[in-house]
Every structure is written in C-alpha cells, then in structure tokens.
Amino acid sequence: MQHFLTISQLSRAEIEQLLTRAKEFKYQGHYPHYPHRILANLFYENSTRTRVSFELAAKHLAMQVINVNLNHSSESKGETLEDTVATIAAMGITHLAIRHKEDALPEKLALMLGNQLHVINAGDGLHAHPSQAMLDLMTITEHKPDLSRLKIAIIGNIRHSRVANSLQCLFKTMNVGEFIMIAPPLWQPKKVHYGRVTANMEEGLKDADIVICLRVQHERLKAEEALSLEEYKKQYQLTESRFALAKPDAMILHPGPVNRGVEIESGLADGSHSFILEQVKNGVYMRMAILEALGGF
Ligand code: CP
C-alpha cells in the first residue's frame with residue numbers, strides 16, 4: 001500500500017488483514033522494528049487521540065517521529081502547504097500523517113508526492129477519517145464478530161462527520177446487517193452510500209447491537225445549519241432510558257472527544273456498556289498495523 005487515504009481504496013481482504021495484524025499487536029505484545037522509517041505528524045486541526053496514537057504506534061515499531069509544530073513552521077512566513085510538505089519529503093521523511101480542514105487534501109498531496117513518501121489521512125474536513133473507522137471496526141469485531149447479524153446505529157451530526165462517512169464505506173464493504181444513521185433533518189447526510197437515515201431515536205435505537213455517538217461539530221456548522229443545543233439534547237442525547245431500547249448487551253462507542261451531557265449522559269460514557277477507552281487503546285494497535293502495511297523504502 002503506497003498511501004492510506006480512504007476506506008474505499010481498501011478491499012475486504014485488506015481490511016481483514018489490518019484487523020488481524022492489529023489484534024496480533026494487541027495480544028502478542030512483541031513488535032517488529034523499522035528504525036529507518038520516519039513519521040512526520042502534520043496536524044492543522046487539533047487532535048489528542050489520533051496524533052498521540054500515531055506517534056505511539058510509530059515508536060512501538062521503533063520508527064522515528066517528528067511532530068511538526070505549525071506555530072513555528074515556515075508557513076507563518078508565507079510558505080505554501082505544498083512547499084512545506086515537499087520540504088519535509090526532501091529531508092527523508094518516509095511517512096506523513098496529515099490532518100486538515102480541506103476535504104481530499106491528503107489525496108491531492110499523495111498525487112503530488114507519488115512514491116516519494118507514504119501519505120496517511122488523519123482526518124480531512126468532512127470527508128474521511130479512515131484510521132478511526134478501522135479502530136472502531138476492530139473494537140466491534142473483538143466483541144461481536146458476525147457483522148452480518150448486527151444492527152449498528154450512529155447518532156448525531158452525520159452531515160458534518162468524516163467518521164460517519166468512513167464508517168458508511170467500511171460497513172458497506174464489510175456487509176454489516178443493518179446500519180442506521182439517526183440525525184435531525186438539518187444534520188442528515190446529503191448522500192448515503194450505505195444504510196438508511198431516520199430522525200426518530202426510538203426507531204433507530206430499537207434492538208441495536210452497537211450505538212455510536214458523535215460530537216456536535218459546531219466548528220463545521222454553517223449559520224443555517226445551527227440547531228438549539230437544548231433542543232438537540234432533549235431529542236437526541238443518548239440517555240439511560242433511550243439506551244434501554246437497544247439490546248441488553250449493546251456496546252456504546254464514541255470516536256471522541258466526548259462532550260459529556262450533550263450527545264451522551266456522562267454516566268453512560270463511563271458505564272459498563274461503554275467501549276470508548278477501548279477504542280482509544282485499539283487505535284494504537286490499528287495505527288501500528290497501518291504503518292507497517294505502508295511499508296518502507
Ligand atoms: N477521534 C479523533 O479523531 O479524536 P482526536 O480529534 O482527538 O484525534
């Protein structure tokens with residue numbers, strides 16, 4: 001694999017290989033060493049989980065890691081992003097994890113760079129967050145491996161969620177039994193690749209095996225898309241009583257960051273059905289599998 005840009009680039013066999021390898025890393029605990037590979041983290045949007053776990057994943061594989069501090073980079077002196085990236089590539093960086101608000105920027109950079117280095121999409125605009133979707137799938141399949149029998153519900157601002165977009169692609173390729181996206185009409189996706197959409201929490205949550213909550217992404221809302229937060233909480237917050245509609249052994253997932261008391265009741269986020277921190281943990285192993293699959297030079 002030259003670049004890791006979107007879920008749609010991956011075949012079912014490649015997805016399964018990444019899952020298997022990530023689980024080996026998690027349970028075997030001994031890792032190969034790739035000291036000649038160098039990862040640069042270039043994050044133009046804030047991140048805790050993705051940035052730190054790519055760094056940790058690379059260090060577990062004995063890779064070198066550079067976290068580019070954009071406050072101190074030459075872009076503040078007028079250099080273009082493309083020139084910054086070409087500069088990094090010229091220094092012998094082998095892997096570049098990039099997060100940016102522009103949709104499809106990682107693909108543009110991958111085209112520009114060709115086989116000079118491996119570009120990894122760490123989240124681009126509203127478009128894709130493929131490593132997040134992969135670690136979500138890892139967390140689900142560890143507990144509920146037969147995807148064809150699952151009902152998976154996702155609640156929130158689907159229209160502005162790159163995670164929901166990547167999950168749609170992933171669940172399509174993996175043939176998930178039922179995928180339902182629950183959102184108020186203003187936040188429903190304009191295009192649906194897989195599954196169906198409802199504004200009705202009861203219909204969406206009934207007998208769900210997996211419930212995924214999303215943060216309300218205020219920073220991506222246009223003025224005409226803003227909803228009253230109080231109204232949203234009243235209708236769409238995951239509460240104990242709403243979660244009781246799901247199956248008794250249902251799992252709660254959230255890509256984070258969690259806004260407690262907004263999209264989810266705080267007690268549920270910490271409760272026995274919550275796998276939110278397990279997702280974070282699996283993120284390290286999944287990103288190790290991705291870094292390894294990208295190979296070296
Ligand atoms: N899920 C996710 O992308 O979290 P961060 O923004 O903290 O990386």
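Values computed for the structure shown
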{"read-out": "Pairwise label distance in nanometres, LEU229 with LYS101, each label 7 Å out on the Cα-Cβ vector", "value": "1.9 nm"}
{"read-out": "Cβ charges +1 (Lys, Arg) and -1 (Asp, Glu), total dipole of the chain, debye", "value": "220 debye"}
{"read-out": "Estimated inter-spin distance, GLN2 and ASN200, nm [label 7 Å along Cα→Cβ]", "value": "4.8 nm"}
{"read-out": "Coordinate range along principal axes, alpha carbons of segment 145-297, Å, largest first", "value": "52, 38, 27"}
{"read-out": "Against the rule of thumb 2.2 N^0.38 Å, how large the Cα Rg of segment 105-216 comes out", "value": "1.14"}
{"read-out": "Relative contact order [Cα under 8 Å, 6+ residues apart], the chain, whole percent", "value": "22 percent"}
{"read-out": "Shape call, segment 163-213: gyration tensor on alpha carbons, a/c limit 1.5", "value": "oblate"}
{"read-out": "Farthest toward positive dipole pole in the chain [+1 Lys/Arg, -1 Asp/Glu at C-beta], among PRO35, ILE182, GLY283", "value": "PRO35"}
{"read-out": "Gyration tensor (Cα) of the chain, equivalent ellipsoid semi-axes in angstrom", "value": "32, 22, 16"}
{"read-out": "Candidates THR173, THR94, THR84, ranked by Gaussian network fluctuation over the chain, Cα under 10 Å, top entry", "value": "THR84"}
{"read-out": "Highest-fluctuation residue, LYS23, LYS281, LYS234 considered, GNM on the chain with Cα pairs under 10 Å", "value": "LYS234"}
{"read-out": "Most positive-pole-ward Cα, PHE25, SER11, PHE54, against dipole of segment 1-58 from beta carbon charges", "value": "PHE25"}
{"read-out": "Fully extended contour minus Cα-Cα distance, from GLU278 to GLN188, at 0.36 nm per residue", "value": "29.6 nm"}
{"read-out": "Counted charge near LEU81, where neighbours are those whose Cβ lies closer than 11 Å (Asp, Glu -1; Lys, Arg +1)", "value": "-4"}
{"read-out": "Computed over segment 87-135: relative contact order in percent, which uses C-alpha pairs under 8 Å that are six or more apart", "value": "40 percent"}
{"read-out": "Computed over segment 217-297, Cα set: Rg, Dmax in Å", "value": "16.8, 53"}
{"read-out": "Stokes-Einstein D for segment 151-240, Kirkwood Rh over Cα pairs, 10 °C, 1.306 mPa s (µm²/s)", "value": "120 µm²/s"}
{"read-out": "Choice from THR80, THR139, THR198 with maximal GNM fluctuation in the chain (Cα, 10 Å cutoff)", "value": "THR80"}
{"read-out": "Cα-Cα pairs of segment 83-145 separated by more than 16 Å (percent)", "value": "51 percent"}
{"read-out": "Cα-based Rg of segment 45-87 normalised by 2.2 N^0.38 Å, two decimals", "value": "1.37"}
{"read-out": "Potential lengthening between THR141 and GLU82 on full extension [0.36 nm per residue; Cα-Cα distance subtracted]", "value": "17.4 nm"}
{"read-out": "Full-stretch length increase - ARG149, LEU70 - with 0.36 nm per residue and alpha-carbon distance subtracted", "value": "23.9 nm"}
{"read-out": "Distance histogram in 10 Å bins (all Cα pairs of segment 129-191, percent per bin)", "value": "22, 56, 21, 1"}
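No lab work stands behind these numbers, since they all come straight from the coordinates. In this text the structure is predicted, and so the values were computed from the model without any measurement. Glycine gets a Cβ as well: all are built from the backbone with ideal geometry, and neighbour counts include every protein chain shown.
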